[in-house]
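The values are calculated or read from the model by the stated rules, or taken from the named source; none is laboratory data. Since the structure is predicted, the reported quantities are computational estimates derived from the model, not experimental observations. So basically every Cβ, Gly included, is an ideal-geometry build from the backbone, and we count neighbours across all protein chains shown.
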Amino acid sequence: MTTVPQYVEGHNLLRGKSVLVTAAAGAGIGFSAALRAAEEGCRALMISDIHPRRLEEAVANIKEKTGLTEVFGQLCDVSQEDQVQTLISAAEEKLAGVDVLINNAGLGGQTSVVDMTDEQWNRVMDITLTGTFRMTRAMLPYMQKRKAGVIINNASVLGWRAQKEQAHYAAAKAGVMAFTRCSALEAAEHGIRINAVSPSIALHEFLKKASSEDVLDKLTSQEAFGRAAEVWEIANVMMFLASDYSSYMTGEVVSVSSQRA
């Protein structure tokens, strides 16, 4: 097992940009992406989540750690169109326009196909895939008017490869990948870039609750570095995609994995 590398300091990659991140309260990739955006010099930040207390704590945490004062929280369930529209409207107003949208909301779980109910299948699809679609659909008209903007989706290597008891999640993430590619072509006509990251395994509390310890240990042991990714290592790639360093990239799904996808 290799040691975890040192945390990378910010380099003002997002200086002057505003950022909106979904599912960003807590300890997962979304919160890390929001924190990294602030550390990379964004001028304003809004995070959304479905948990009021966690959301409030996350906003305070980012303010305290980074000194960024323009940090806002907004409750939003991406499976509800009215809440998505409210979130986008609030972000446009409070951030004076959204430059970067990070679609991080997703839902997983472990269930075999033969035991999977319609409700389980539909819930994962509605949040993970359709939620990404709803957020993108609501955001694009604003970005199209400005002829600029970046959208980053959170996919998964399971969109490429197979794993038992993950059919619903894998299908949803494969959908996110395809949606990223297709929507990127449409958005490019308006100067907007849409890309995705595809992590293998990044350990955080939510993942530990959704998967068994045996499964997580097995997946971790298969990684080339012999460890799971830190959530900030995934967020770092999101920051690259959000920055002007990736100005000629669109419709790409970037694997953030030490395994062959």
**Report entry** Entirely in region 1-110, the helices (runs of 4 or more DSSP H) that have 1 or more residues that are under 21 Å from ALA202 (Cα atoms) and in contact (Cβ under 8 Å) with a residue 12 or more places away in the chain
**Finding:** 29-39, 52-66
Query raised in the report: Within region 173-261, which helices (runs of 4 or more DSSP H) (wholly inside it) include 2 or more residues that are of a type in the set (Phe, Trp, Tyr) and at pLDDT 95 or above?
Result: 231-242
Query raised in the report: For region 152-173, does any single residue satisfy the condition of being small (Gly, Ala, Ser), over 20 Å from the mean Cα position of the chain (by Cα) and within 20 Å of VAL256 (Cβ to Cβ)?
Result: yes
Query raised in the report: Filter region 54-85 for residues that are under 18 Å from the mean Cα position of the chain (by Cα) and of a type in the set (Gly, Ala, Ser); which is nearest to THR130 (Cα to Cα)?
Result: SER79
Requested in this report: Given the conditions (1) aliphatic (A, V, I, L, M); (2) in a helix (DSSP H, G or I); (3) out of contact with any Gly (no Cβ under 7 Å at 6 or more places or on another chain), report the number of the one that VAL150 does not fulfil.
Outcome: (2)
Report task. Six or more apart or on different chains, Cβ under 6 Å: which pairs go from a residue in region 219-232 that's among the hydrophobic types (A, V, I, L, M, F, W, C) to one that's in a helix (DSSP H, G or I)? Could you list them? Result -> ALA228/THR220; VAL231/ILE29; VAL231/SER32; TRP232/SER32
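Confirm whether MET116 is in contact (Cβ under 8 Å) with a residue 24 or more places away in the chain and buried (at least 16 other Cβ atoms within 10 Å of the Cβ).
No, not satisfied.
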Requested in this report: Mind telling me which of the residues ALA38, ALA27, ALA91 ends up being small (Gly, Ala, Ser) and at pLDDT below 95?
Outcome: ALA27
Query raised in the report: Regarding GLU223, is this residue farther than 23 Å from VAL98 by Cβ and acidic (Asp, Glu)?
Result: yes
